[in-house]
Amino acid sequence: MTTLEVGKKLVELCKQGKTQEVKETLYSQDICSVEAGAPAGQDRASYALKAVEAKGKWWADNHIIHSAVTEGPWPHDDRFIVKFVYDVTNKPSNRRFTMDEMGLFTVQNGKIVKEEFFYSMG
């Protein structure tokens, strides 16, 4: 798949709530995932698909997602950007907030090899 095709598929699956299918079909086994800030007790970067899946499980276990909007992709060479807007409640604090996030995805050989997330930490 081309970079644009991968980006369109990611957006389509996210809009359908199929984030596990994104990981299973579009991510390289050797993916690197980098957050803007480190989740509690974790590193900013996760290496390999199993670590990215564990990070996703942590997110799901600690948040209630009330709604999610996914827009894009915006391609550029071997990369594309996707915008995510989440209305979530953090379970431990019971704090509800809106999270605007941009994801920059790098594609090689039809698979996502790197994802970097940008969002306000304040």
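No lab work stands behind these numbers, since they all come straight from the coordinates. Since this is a predicted model, take the numbers as computed values, not measurements. A quick note on method: Cβ atoms are made from the backbone with ideal geometry, for glycine too, and the neighbour counts reach across all protein chains shown.
Computed per residue of the chain from DSSP H runs no shorter than four, each worth -39500 (n - 2.57), the mean residue ellipticity at 222 nm is -9000 deg cm²/dmol. Length gained on full extension, His66 to Ser120: 17.5 nm, using 0.36 nm per residue less the C-alpha separation. Within the shell defined by Cβ-Cβ distances under 13 Å, the residues around Glu71 carry a net charge of 0, with Lys and Arg each +1 and Asp and Glu each -1. Counting charges near Lys18 (Lys, Arg +1; Asp, Glu -1) among other residues having Cβ under 12 Å from its Cβ returns a value of 0.
Near Val34: Cβ cut-off under 10 Å, other residues only, Lys/Arg at +1 and Asp/Glu at -1. The net charge is -2. As a rough footprinting exposure proxy, the listed residues Arg95, Arg44 were ranked by other beta carbons within 10 Å of their own, and the order from fewest upward is Arg95, Arg44. Fully extending the segment from Arg44 to Glu24, taken as 0.36 nm per residue of separation minus the present Cα-Cα distance, adds 5.0 nm. About its Cα centre, the chain has a charge dipole of approximately 280 debye under the convention of +1 per Lys or Arg Cβ and -1 per Asp or Glu Cβ, with nothing else charged. Pairs exceeding 26 Å between alpha-carbon atoms, taken from Lys9/Lys57; Lys91/Lys111; Lys8/Lys91; Lys57/Lys111: Lys91/Lys111; Lys8/Lys91.
For the range 4-122, the relative contact order is 27 percent, taking Cα pairs closer than 8 Å that sit 6 or more residues apart in sequence and dividing their mean separation by the residue count. Based on alpha-carbon centroids, what's the gap between the range 1-46 and the range 79-122 in Å, whole number please? The range 1-46 and the range 79-122 have Cα centres spaced 9 Å from each other.
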